[in-house]
Amino acid sequence: MNLNFWLPVLVLCSSLATGLIIFFLKEKQSALRTSLNLIGASFKVVAVHYMAYRLLVLGEIHEASFSMGLGFDFLLRVDFLSLMFLALSSNLWLVTTLYAVGYLEGSANRSRFFGFFSLCVAASTGIALAGNLITFFIFYEFLTLTTYPLVIHRESTAALEAGRNYLWYTISGGSVLFVGIVWLHVLTGPFNFTDTGVLEALGSDRHLTLIFIFALLIMGLGVKAALVPLHGWLPVAMIAPAPVSALLHAVAVVKAGAFGIVRVVFDVYGQHFAGYLGLLEPLALVATITIIFGSVRALMQTDLKKRLAYSTVSQVSYITLGAALLAPFSTVAAIVHLAHQGIMKITLFFCAGNIAETLGLHKIRELDGVGRRMPLTSVMFTVAAFGMIGVPPVAGFISKWYLGLGGLEAGQNWVIGVLMLSSLLNAAYFLPIVHSLWFKKPEIPWKELRKSRLEAPWTLLLPALVTAVMSVLACLWADWIWSPLGVARQIAAGMGVYP
Amino acid sequence: MTWLFVVFFPLILAAVVPVLKKRNFSGSLAGALGPLPALVLVLSGAEPGTYHLESFLLGLHLGFEEYGRLFLLLTALVWTCAGIYGVWYRSADYNPNNFTIFFLTCMCGNLGLAIAQDAVSFYAFFALMTFSGYLLVVHHSTPKAWKAGKIYLIMAVLGEGAVVAGMMIGVHTAQSTVFSEIAPVTATLSWHHPLFWFLLIGFGIKAGVLGLHFWLPLAHPAAPVPASAVLSGAMIKAGLLGLMHFFPLGLVSFSFWGSVFIGLGLGGAFFGVLAGLLEKEPKTILAYSSISQIGLMLFLCGIGIIEAQLWIIGLPVLFLFIIHHGLAKAVLFLGVDAAGYVKKSRGSFYLLLAGLVLPAITLAGAPFTSGSWIKYLLKDMVELSPGALWINILLSLSSLGTAMLMAHFLSRMHMKIADKSLYRPGLLFFWLGMAAAGVSLPLILGLFYLDVPAIAWIEPLIIWSSLWPVVFGAFVYFFFILKKPLLGRQAAENWPDTVTQMEKAWQKFYPRWEKSNLCDPSCGQINFVYLADRLIFGPAGLKVTCMIETLFRQWFVAGLVFVILILLFILMGSLRLS
């Protein structure tokens, strides 16, 4: 068996097949459904890590290619950049599945939910594995369609409205992206992410067109990456159940957009060529506006999940900013923040979900004194919040540190100011929450929605605990070669941008 | 491994404390044990080489290098004093186990940053110290503590931001995170490099430098006494250490930054005294005295920056100063609480008084104390630098001021003792031991351990020069200031307090802001969506959209656009073909 061919296919199928089988299960077969889910997710984690080992240590190239005619290939390929996203999506799929099982216990339509949940992960895996723009686009749109049923899962009026909003944004984004991709291929013919310098070879008379196409691509991807002003769908989509929000914010949708931007900058245009065309400064500007604007908006929210959503808008743009700065350190920052933001934000959403499920609290002002009732959840929330602010020893610090150094290296000293301002704003909207969790006294007695021996069912606690511990370890052992940072450095070195 | 054990031992203890029973001394005992390994390491005189742990953070470097040994000694000593006192310390709203946990985590940060030799781990320990320090400040959860905590946290977050920005710039310029490689590079930078500004603000907040100090007189007194002792004795020195790591002391002469340090330092020295004289609460007086003393230390650093060669003498003096102030201030803070446990009629009262007076006159620089030694050396150093005469006069005035402030502190304490009558000899005994150690240790360390130039202790001129400011200061205080309490009180009540002023400004500004056009009334902040909405749904928005609508309804406009589009596509197609 040729592992180099089969591994990517298997990794993709592990979630795709799980999802498809689950649709045919009856609502009551929850044990079977859960075990199927967990087996699929565990298999994927093992396979992805084995693949990472083969790529990073043995230097094997994994590739599965099918012709789609006209010279276009359906190409699954594991390169350095895909690795980070793959590892993130597989690991977080496992924990989120566990969380979702606990969260949705006893609620309706679970087969539909878990089916689409797996398909959504399959789509993000596909996005990671895609070896060219066409394959990328197929999975990108697949992701849009598979997340829609998740967003409207509760089928309330608000959920349906949010779903409609989501579709409007993403489908229009997708169509803009499609125009960009088609236009690009009209100029160049079929090409893969590995064919560097295709666009550079086009000649200077095409530069204006290339700039225009870049704008189209970024606009298309920016919808999912929630770049301001294309971010409107994200806070509305908060209506979805907590595991969905967690997945949306940490792995699937928002990350897919950010990952796409990184792909376009590094593997389609090439960072230096993009810089030569003068595309990076506007991109950095958009990212900066998003970072600040997202934080300012987060500050105004009174709903916990909405505040977290705006925080995502802000934090994900660090990735875009990292890609837009022409320096090795910021590239590392962009790659490592893919993972760091994922584990920290998923922890926050898990905790928010725990609180909402156990005590029925959604508003920030209701959170007073929750630390006494749910100490573990509050500890984990605190850890992740400090990570978001960028306080060591939590992962966010490493991202900010590298991004700042990258900014200085690229000669863009204002990045330091942006980071400072953003950290201050992060502190301004996270510390009051932490403060009320621990130090305020509850005004009204809580409803107890769920009774359990621990502060919440273990299926809701364990995933958050795992990701919280991961976010601390990612900073404490940052310099280890297999930490997210270590891998990000290896990836950047493999991409030829890091010494 | 020794290094890791020294730094992380408090954390291990902190993990054990929750397991221990409440209302039991074993919990608080952990607080006293925390700094023990550090103390043993320094006092054993061992010279373990710099330790490098590859994969921890971005490469952890722990070691003594130039400053580490002394700062570790100071930190360990002050924390030990506070920890021992904490074993017996009890008061209302005080939860020993909770307090000890945060006391220990904060201690870990403070010990760690003393010996951290790279920017990233220094910052990590600094942040750990700062944020667990917040928990110490608000421990009593009184309204006063919450207010102090709020200001502390806001200033801390601002400071952390400035510190990390400055560090990034430093690390980027030096292409290394290790301090020993950063300092030579910062020496080559021009004076207006942003690095210096960021770091002065960031570390200045922690150190309580004039202008950035206003959180300090709120936070230090609000905390439980053991925490006040470490806040004032050890933690503000962390800011100073940060400045010493990044400003090129003794490497190059920077007249601009030297002048800034000297100016801020002397300014702080006088401001602390004046502001302290107007306060009534003994702990607040001590906090202002810390601002004043840190000012003098900053002044000393300033001389080292202005005249690089003077730093060879300056550094040991600064070391002595840091130890001297740290211990004396810790003992005084603890003494504020210890004073609650004596009866005025008993002999213990006189012991307590001796225990308070000794560190107080040490700080004021009475003869035969480390204070007079430092003052003499300070003046000696100033002799060699420009503007000596004026600075010398100012220094004498500042000792006079310190003496007055200490007299004020003692008289306020004296009034306070009268109202309490709980008698606890055990606690008093330990505190007296600390007071004795606090006064004598700097002398012993200075004579046998630090490389401080010796002075002729018994020469009449030297005795006189250190005696007169203390006597005169005490005289002025007791015969002029104390006799006119009304004058002082009125001034104190009219004194513009920075925090109150800022709050007032905020209260004045906020309603105005709420009424302004930029503010969204529903959330009270800038809301761009609200602005956009107003623009779109406002009369102008309606008019413009209607205008466009009517324009497009006319067939020739639509037709024209259509034709232009067709032409554009043809043009693009022909471009593609060519």
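Here, each number is a calculation from the coordinates, and none is a lab measurement. Fair warning: this is a prediction, and the values are worked out from it, not measured in the lab. Note: ideal-geometry Cβ built from the backbone for every residue, glycine included; neighbour counts use all protein chains shown.
Please tell me the relative contact order of chain A in percent, rounded to the nearest whole number, where contacts are Cα pairs under 8 Å and at least six residues apart.
On the way: 853 pairs, mean separation 71.8, N = 499.
That works out to 14 percent.
Report, to the nearest 10°, how far helix A:157-188 tilts away from the longest principal axis of the Cα atoms in chain A, using its own Cα long axis and a range of 0 to 90°.
10 degrees
Report relative contact order for region B:2-483 in percent, whole number only (criteria: Cα-Cα under 8 Å, sequence separation at least 6).
Details: 819 pairs, mean separation 61.9, N = 482.
Relative CO of region B:2-483 lands at 13 percent.
From Cα pairs below 8 angstrom and at least 6 apart in sequence, can you work out the relative contact order of region A:322-440, rounded to a whole percent? Spell out each step's value before the answer.
Values: 148 pairs, mean separation 43.0, N = 119.
This gives 36 percent for region A:322-440.
Placing one identical point scatterer on every Cα of chain B and ignoring solvent, what is log10 I(q)/I(0) from the Debye formula at q = 0.07, 0.08, 0.10 Å⁻¹?
-0.46, -0.57, -0.83
Among B:Lys206, B:Lys508, rank each residue by its count of other Cβ atoms within 10 Å, from fewest to most, as a rough exposure measure.
Details: B:Lys206 28, B:Lys508 10.
Exposure proxy ranking, most exposed first: B:Lys508, B:Lys206.
Restricting to DSSP H runs of at least four residues, report the calculated mean residue ellipticity at 222 nm for chain B, -39500 (n - 2.57) per run over all residues, nearest 500 deg cm²/dmol. Let's see the in-between values first.
Details: 25 runs with 425 residues, N = 578.
Roughly -24500 deg cm²/dmol at 222 nm, from the helical runs in chain B.
Could you calculate the contour length gain from B:Tyr94 to B:Trp464, that is, 0.36 nm times the residue separation minus the distance between their Cα atoms, to one decimal place in nm?
Values: separation 370, 0.36 × 370 = 133.20 nm, distance 4.62 nm.
Taking 0.36 nm per residue and subtracting the Cα distance, the gain is 128.6 nm.
For chain A, just run the numbers: alpha carbon Rg, then divide by 2.2 N^0.38 Å, N being how many residues it has. List each step's numbers first, then the result.
Details: Rg = 21.4 Å, N = 499, 2.2 N^0.38 = 23.3 Å.
Here the Cα radius of gyration is 0.92 times the empirical estimate.
Take the Cα atoms of region B:387-471, find their three principal axes, and give me the spread along each one in whole Å, biggest first.
Computed over region B:387-471, the largest-to-smallest principal extents equal 52, 31, 23 Å.
Search the structure for amide H atoms under 5 Å from the amide H of A:His62, placed 1.01 Å from N in the peptide plane, and list their residues when 5 or more places away or on another chain.
A:Val78
I need the semi-axes of the equivalent ellipsoid of region B:96-198: take the C-alpha gyration tensor, multiply each eigenvalue by 5, square-root it, list largest first in whole angstrom. Numbers along the way, then the final one.
Values: eigenvalues 199, 55, 11 Å².
Ellipsoid semi-axes (Å, largest first): 32, 17, 7.
What is the fewest-to-most order of B:Lys147, B:Lys344, A:Lys305 by other Cβ atoms lying within 10 Å of their Cβ? Write down the numbers at each step before the final one.
Details: B:Lys147 16, B:Lys344 13, A:Lys305 23.
The fewest-first ordering by Cβ neighbours comes to B:Lys344, B:Lys147, A:Lys305.
So how far apart, in nm, are the two label points at B:Phe556 and A:Leu421 if each is 7 Å from Cα heading toward Cβ?
In this crude spin-label approximation the distance works out to 4.9 nm.
Report the normalised scattering of region B:267-389 as log10 I(q)/I(0) at q = 0.22 Å⁻¹, calculated by the Debye formula with identical scatterers on the alpha carbons.
-1.28
Mind checking the angle between helix A:375-389 and chain A's longest principal axis? C-alpha axes, 0 to 90 degrees, to the nearest 10.
30 degrees
From the backbone phi of region B:225-240, what are the Karplus-calculated ³J(HN,Hα) couplings (6.51 cos²θ - 1.76 cosθ + 1.60, θ = phi - 60°) in whole Hz, Gly and Pro given as x?
Couplings: 3, x, 5, 4, 4, 6, 4, 7, x, 10, 6, 5, 5, 4, x, 5 Hz.
Using only Cα atoms, find the angle between the long axis of helix B:119-137 and the longest principal axis of chain B, and express it within 0 to 90 degrees, rounded to the nearest 10.
Tilt relative to chain B: about 70 degrees.
Give the shape of the protein assembly as shown as rounded, prolate or oblate, defined through the alpha-carbon gyration tensor: a ≥ b ≥ c are the square roots of its eigenvalues, a/c under 1.5 means rounded, and otherwise the shape is prolate if a/b is larger than b/c and oblate if not. Kindly include the intermediate steps, with their values, before the conclusion.
On the way: a/c = 2.06, a/b = 1.88, b/c = 1.09.
It is prolate, given that a/c is not under 1.5 and a/b is the larger ratio.
How much length is gained if the chain between B:Glu47 and B:Lys344 is pulled fully straight, taking 0.36 nm per residue apart and subtracting their Cα-Cα distance, in nm to one decimal?
Numbers: separation 297, 0.36 × 297 = 106.92 nm, distance 4.85 nm.
My answer for the length gained is 102.1 nm.
Kindly put A:Thr144, B:Thr100 in sequence by how many other C-beta atoms sit within 10 Å of each C-beta, fewest to most.
Values: A:Thr144 22, B:Thr100 29.
Fewest-to-most Cβ neighbours within 10 Å comes out as A:Thr144, B:Thr100.
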